[in-house]
Amino acid sequence: MNTIRTTHSGEATNLAAFPLALTTLSGTGAAEIGDLNLSQPLEPLAVTAIRDAIMDFPFLVFRNQSMTKDQQARFSEYFGELESHIGKLSDGTTFPIVHTLTNLDAAGNLINMDVAKLNYFWHTDKSYYAIPAFVTILHALEVPPEGGDTQYANAQLAYEALSPEIKARLTGLMAVHDWQASRRNSGTSPATNEQIRERPPVSHPLVRTHPDTGKKALYLGVHVSHIAGMPQAEGKALLTQLTDHIGQDQFVYTHRWKQGDVVMWDNRCLLHRALPNYEIARHKRVLNRTVIVGAAPY
Ligand code: OGA
Ligand code: MN
């Protein structure tokens, strides 16, 4: 169990930070946190410590966890308001707040993975919303014996590595994010009229400033339809160039899932994508998912 370090002087200002057992996993801002049981309520100082940790390490993993959906909702709500989802289940009902990503049904048959294919492209969650996601939390219930990895690219490091000339070129550019374009870009089934009505295209700065750290990050991905005010072909070439840049090994952490992992990442400065590197029709991959609402990018 963790204990809260204090000076025992009795003064609240002397309360030391909650001592997280944190191990760095990569130079791209990935870390593992031990010694916490996320199925139980967390003390406020532990929540603050996690919030602080995510500023330095936008990808965090907690191993060997076992949370019910309700427990995951409680853990998620420590970080903000839970997001609803635009997707629909096959029976037409909306996704529940804590929803499940899976490839096989209860009988072990491959389910329709159409929308899941979107995840194979670099993206940042809910960027087609005017108010996109802060963190996404995935809890691995079942994972393939190998593969089924998820990659995280640090869009801050990628931005910093750009030449001054390219940085100057990007200044002030707005990218239009659009659920419809996202379906087109990924070759998945077209958005329904209802989805198009519900989520009209939105513009976000191509370079966004992290509200907590002030650092700049590239903000783009499969949900981008075009750069506002730029000829389509020129914008597309720029987006491809930047996406290729971000996806370079030096900016990327590849997460190899273990059953029980709880992963949370900051969508404001990381892009992510799933890798189709496992036998999808054979091995089950089941993750419970929650998304926390962020704030309008600037
Ligand atoms: C997500 C996502 C990737 C994966 O949950 O937002 O992109 O590997 N998941 O399942
Ligand atoms: Mn995603």
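The values are calculated or read from the model by the stated rules, or taken from the named source; none is laboratory data. Remember, predicted model here, so these are calculated numbers, not experimental data. Counting neighbours? That spans all protein chains shown, and the Cβs are built from the backbone with ideal geometry, glycine included. Calculation scope for accessible area: heavy atoms of the full protein, side chains included, ligands and nucleic acids excluded. Shrake-Rupley method; radii C 1.70, N 1.55, O 1.52, S 1.80 Å.
P(r) of the stretch 103-241 in 5 Å steps, Cα pairs, percent per bin?
2, 8, 16, 20, 19, 15, 10, 6, 3, 1, 0, 0
With the radius of gyration and the Kirkwood radius both derived from the Cα set of the stretch 175-297, what is their ratio Rg to Rh?
My calculation of the ratio gives 0.97.
Given H placed 1.01 Å from N in the peptide plane, which residues other than close sequence neighbours of residue 99 have an amide H under 5 Å from its amide H?
289
For the chain, what is the accessible area per residue in Å², given a 1.4 Å probe and the full set of protein chains?
46 Å²
How big, on average over all directions, is the shadow cast by the Cα convex hull of the stretch 21-80, in nm²?
Averaged projected hull area, Cα only: 4.0 nm².
Report, by chain and number, residues whose modeled amide H sits under 5 Å from the one on residue 134, excluding near sequence neighbours (fewer than 5 apart, same chain).
Hits under the 5 Å cutoff: 292, 293, 294.
When the accessible area of the chain is split by element with a 1.4 Å probe, what percent falls to carbon and sulfur?
Roughly 52 percent, rounded to a whole number.
Just need the relative contact order of the stretch 3-293 here, percent rounded to a whole number, with Cα pairs under 8 Å and 6+ apart.
Contact order relative to length: 31 percent.
Report, for the stretch 18-173, the % of DSSP beta bridges that are antiparallel, rounded to 5.
Bridges in the stretch 18-173 that DSSP calls antiparallel: roughly 65 percent.
With all distinct Cα pairs included, what does the Kirkwood hydrodynamic radius of the chain come out to in Å, to one decimal, could you say? The partial results should precede the final answer.
Details: mean 1/r = 0.0498 Å⁻¹.
Result for the chain stands at 20.1 Å.
Which entries of 216/258; 258/284; 167/215; 117/216; 69/216 have Cα-Cα distances beyond 24 Å here?
From 216/258; 258/284; 167/215; 117/216; 69/216, over 24 Å: 216/258; 117/216; 69/216.
What are the equivalent ellipsoid semi-axes of the stretch 25-131, built from the alpha-carbon gyration tensor (square roots of five times its eigenvalues), in whole angstrom, biggest first?
27, 18, 16
Taking +1 at the Cβ of each Lys and Arg and -1 at the Cβ of each Asp and Glu, which of 291, 71, 30 sits farthest along the dipole of the chain towards its positive end, judged by Cα position relative to the Cα centre?
Highest projection toward the positive end goes to 291.
Work out, step by step, the length gained on full extension between residue 100 and residue 43: first 0.36 nm times the residue separation, then minus their alpha carbon distance; give nm to one decimal.
Between residue 100 and residue 43, full extension yields 17.8 nm more.
At 7 Å along Cα-to-Cβ for each site, give me the label-to-label distance between residue 277 and residue 21 in nm.
Result: 2.8 nm between the two label points.
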